[in-house]
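> This is the structure I have questions about; it appears just below.
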Amino acid sequence: MKSMCPTFVYTRWISMGKLLKWLKIKRIRLQEHFAKRKPSCTPAREWWLVVLIIQPLVELIEKTFLSIQGFNALVQEQRQELHYLINDISSRCNLKGPLTAAEKLEFVKALEDDPFHGWILQDYCVERKEIFQCIDEVGAFVESEMDELKNVTDANAMSEGASTVANFSLEFVVGVSKIVAERNSVNKASDQLPPICPLDLCSMDTRLFTASLKHQRRRLRQCFNDEGIEQIDQQFRNLRIAVREEKGLATILLKEQASSNLSTFENCCSPLRGRDMIL
């Protein structure tokens, strides 16, 4: 096909989006290849259905996450974008939520009477019939494949595909709804959240910072090797020393951090430019 499959990086939405888009574009060629070569890794038909159903959702998620990244993004804008994303995913997948206690109890009782009634995760739920409706709206190929599965009475394949889509959408919406901003509504640091600005970071105990670094090591390894992670740890210690020993640095950092209610992370870190820091 003269086209290399994108590398998938675990926990990266952009990586997942590129891979799913490539699979969608190359689907016909890939299916012809699998039909001709018949390798042991040939995907089942329901696997292709899940790819095509999930792809537009991941594309939407990717666009939203890209839009809220950057030094100049305000927290109120980030929250609004995430709110729109939750509503959009919920609408596309026919999710209901957040559920009241009474609504949750009613849905749980329905599941007790019929285990195939639908799926529920914390404060969100979706009925089985609603998932199949959103699947039918994805495209002609998906609709025809679903009809064919019905004709051959492959109920297990249909159920697995629907379950994957339902659980993906529920887990994502529940997860995003729990995201906590690193700054409050007026972009000031929150006392309940870990320090993120340079001056606040310097007040963090070295053992606590090392423990946090160790806890996030798997995620950091997506961007840094072991040497880079050690460099982050050393830069944290160097920053603490610089704030303590360099005359006026702490005052400048404090001034930038408190200059405005809408101070950005970029402004807070501006006095450290030229220090070649990745921290």
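> For every other residue with a beta carbon closer than 14 angstrom to the beta carbon of residue 43, add +1 if it is Lys or Arg and -1 if Asp or Glu, then tell me the sum.
Cβ neighbours under 14 Å give a net charge of +3.
> Which chymotrypsin sites (Phe, Trp or Tyr not before Pro) from the stretch 16-113 combine a DSSP loop assignment with at most 13 other Cβ atoms within 10 Å?
Here the sparse-neighbourhood loop sites are 71.
> Starting from the exponent 0.38 and prefactor 2.2 Å, build the expected Rg for the stretch 198-272 from its residue count and divide its actual Cα Rg by it.
Ratio of Rg to 2.2 N^0.38 Å for the stretch 198-272: 1.22.
> Also, quick follow-up: Any idea what the alpha-carbon Rg over 2.2 N^0.38 Å comes to for the stretch 13-177?
On the way: Rg = 17.7 Å, N = 165, 2.2 N^0.38 = 15.3 Å.
Its radius of gyration relative to the 2.2 N^0.38 Å reference: 1.16.
> Once phi is turned into ³J(HN,Hα) by the Karplus curve 6.51 cos²θ - 1.76 cosθ + 1.60 with θ = phi - 60°, what whole-Hz value does each residue of the stretch 200-211 show in order, with x for glycine and proline?
With the stated coefficients, the stretch 200-211 comes to 5, 4, 5, 7, 6, 4, 4, 5, 5, 5, 4, 5 Hz.
Just so you know, all these numbers are worked out from the coordinates, no wet-lab data involved. Quick caveat: nothing in here was measured; it's all calculated off a predicted structure. Cβ coordinates were reconstructed from backbone atoms using ideal geometry, including for glycine residues, and neighbour counts include every protein chain displayed.
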